[in-house]
Structures are given as structure tokens and as C-alpha cells.
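Please read the structure below before turning to the comments.
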Amino acid sequence: MQELTRAKFDWKITDSCGGVDKYSTLPQLCLKKNRMTELLVSLFSLAIAATLQPRQLIAMIILLQTRRGVANGSAYIAGMTVFRLAFGGISWVLFSNLEGSIETRGGEFSTVVGTILVILGLLMLVHALRQGFSAQGEDQAAATWLDKLEAVSPRQAFFVGLAFLALDPKDWIIDISAVNLIAEADLRGAQSFLAYLLYMLLALSLLWIPLILTLLFPVQARRGLAGLNTWMKANEKHIEITMAILFGLLFLAIGLEHLGVF
């Protein structure tokens, strides 16, 4: 029996998760745990980049200050949620098949993930540069368009939320990067879906907060949102440029790491 036991536990590993030496038939467990940690950190970074977009938050604040504020705000978030679910599902099917095809031929799917993250990083840096040199008239035109949201209905607010994501290639690449990272992690179907739901909730977190505050404290929230709206409009460009540079460099570094550059 002792010989069989030793044959079964035929290698010794160091448990990097707990720092304890032990015998195990499944040395992959710690590796999977580390991969899950890396996945969650990467998804969190992508979600923060997706949610820190001043114009989306300004639009939400304006909608919450309308006569049907809660209904408009809820519809706005619903439009974004529907887009991300549909876009994520399509991307999952496409890139899961691509992953299988690449690995069947002996390639590594991490190369695709790294390439997309590098593209995302470069796109965000270019966006920061473009925002830095954009004319003041462009910013005023965007502000005028946002002010027109004061007269929308919940149905129109739904399509505004959907259009915000559908018409911005930067959001496409962020969502595609999240799908690819989840696909690369080789999770089970339910786990993959839960991971993407977690990403979606985090990506919408800055929109949920004012909606919840408006539901709980309508009078105080309305006053606070009015002040926040003024501040956001005054500092929109600076916030957008700073976030684009920070996350552009971060995703560029993560992508190059996936490509084995360092």
C-alpha cells in the first residue's frame, strides 16, 4: 500500500498559493488559481477603462435629472447591457472557434490576445493624443448634443446607451479583449459566463452608483448630481486624456507580456 501511495504521489511540488510543501496528484491546481487571479486583475483593469468615460457618465447624470430620471437612467444602462451581452456572445463564438483552430495547428491563442491588447493600448494612446489636440469647437458640439438628452423618453434613452457602445470602436476592443482573456483561461461554460457578467457589472459600475443614489435619496442626489455634472463638463477632457494614457500604457504592457516581449 505504501508503494502504491508513493507511486501515486510521484512528485513533490511547492504550493505557491500557500507556501507549503506538499505531495499532490494535481499540481495544476495552483497554476489554475494563479491564472484565475491574473484573469480577474486583467478583467478589472479592462472594466475600469470601460467605465471611466466622462461622456457616458455625463449622459447618465443628465438623464437622471429629467422628469422620468430613474426610468431614463435604467433604460440607458439596459441599452448598454443588451449591447454587451449580444456583442460578447458573438465575440465568444468567433474567438472560441479561432482558439480551437489555432491550437489544433500547434499555435498559441495568447498571441491573438496579446495582439489585441497591444492594439487597444495603442488605440487609447492615440485617443489621448487626439483629445489633446482637438479643437474647442468639437468639445462644444459634444456638450450641445449631450444637453439634448434632457428631452428624451426611456425608449430613446435605451438606444442612446446602445449607441454609445455600438459607435465607439474603443469599446468594441475593450469588450473583445475581455472575451479573449476569458477564452484563454479555459474556464467551464458557466464560469466563463459568470466572469463576463462580472466584467459587465464592473464596466457599468459608475453608472449604477448615481442611479442607486437617486432611488434611495432623490432630493439629495439631484443636488449632488447637478454639481458633479458641472465639474465633469469642466474637466472632461483632462480626465479622458489622463485615463487614456494610463490605461493605454497598462494594456500595452499586458499585451507585450502575452506576446513574450518581456
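Listed here are the residues, each with its yes/no results for (1) basic (K, R); (2) more than 18 Å from T51 (Cβ to Cβ); (3) in contact (Cβ under 8 Å) with a residue 60 or more places away in the chain.
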site: G69; (1), (2), (3): no, yes, yes
site: G79; (1), (2), (3): no, no, yes
site: R84; (1), (2), (3): yes, no, yes
site: F87; (1), (2), (3): no, no, yes
site: I90; (1), (2), (3): no, yes, no
site: S101; (1), (2), (3): no, yes, no
site: F109; (1), (2), (3): no, yes, yes
site: V112; (1), (2), (3): no, yes, yes
site: L125; (1), (2), (3): no, yes, yes
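Does the stretch 203-214 contain any residue that is at pLDDT below 90, closer than 14 Å to G88 by Cα, aliphatic (A, V, I, L, M) and in contact with a helix residue (DSSP H, G or I) (Cβ under 7 Å, 6 or more places away or on another chain)?
The answer is no; no qualifying residue exists.
Being out of contact with any Gly (no Cβ under 9 Å at 6 or more places or on another chain), crowded, with 18+ Cβ neighbours inside 10 Å and not small (G, A, S) is the requirement here; does D171 meet it?
yes
Residues R84, R55, R35, R6: which one is at pLDDT below 90, assigned to a helix (DSSP H, G or I), basic (K, R) and buried (at least 17 other Cβ atoms within 10 Å of the Cβ)?
Checking each option against the conditions leaves just R55.
Which condition number in (1) at pLDDT below 90; (2) more than 24 Å from R223 (Cβ to Cβ) is the one that L43 fails?
(1)
I'd like to verify a number: residues in the stretch 186-199 that are within 15 Å of the chain's Cα centre (by Cα) and either buried (at least 19 other Cβ atoms within 10 Å of the Cβ) or without any contact (Cβ under 8 Å) to a residue 24 or more places away in the chain (or both), how many?
6
Can you find, within the stretch 152-208, the residue that is farthest from L46 (Cα to Cα) among those that are assigned to a loop (DSSP other than H, G, I, E, B) and of a type in the set (D, E)?
For the stretch 152-208, the residue satisfying everything is D186.
Going by the structure shown, is F262 exposed (fewer than 15 other Cβ atoms within 10 Å of the Cβ) and at pLDDT below 90?
When the stated conditions are applied, F262 passes them.
Output the residues belonging to the stretch 173-182 that are more than 13 Å from H258 (Cβ to Cβ) and in contact with a Phe, Trp or Tyr (Cβ under 7 Å, 6 or more places away or on another chain).
Within the stretch 173-182, D175, A178, V179, I182 qualify.
Looking at T66, T25, which is the one that is at pLDDT 85 or above and outside any helix (DSSP H, G or I)?
T66
The values are calculated or read from the model by the stated rules, or taken from the named source; none is laboratory data. All values reported here derive from a predicted model rather than from experimental measurement. For neighbour counting, all protein chains shown are included, and Cβ atoms are generated from backbone atoms with ideal geometry for every residue, glycine included.
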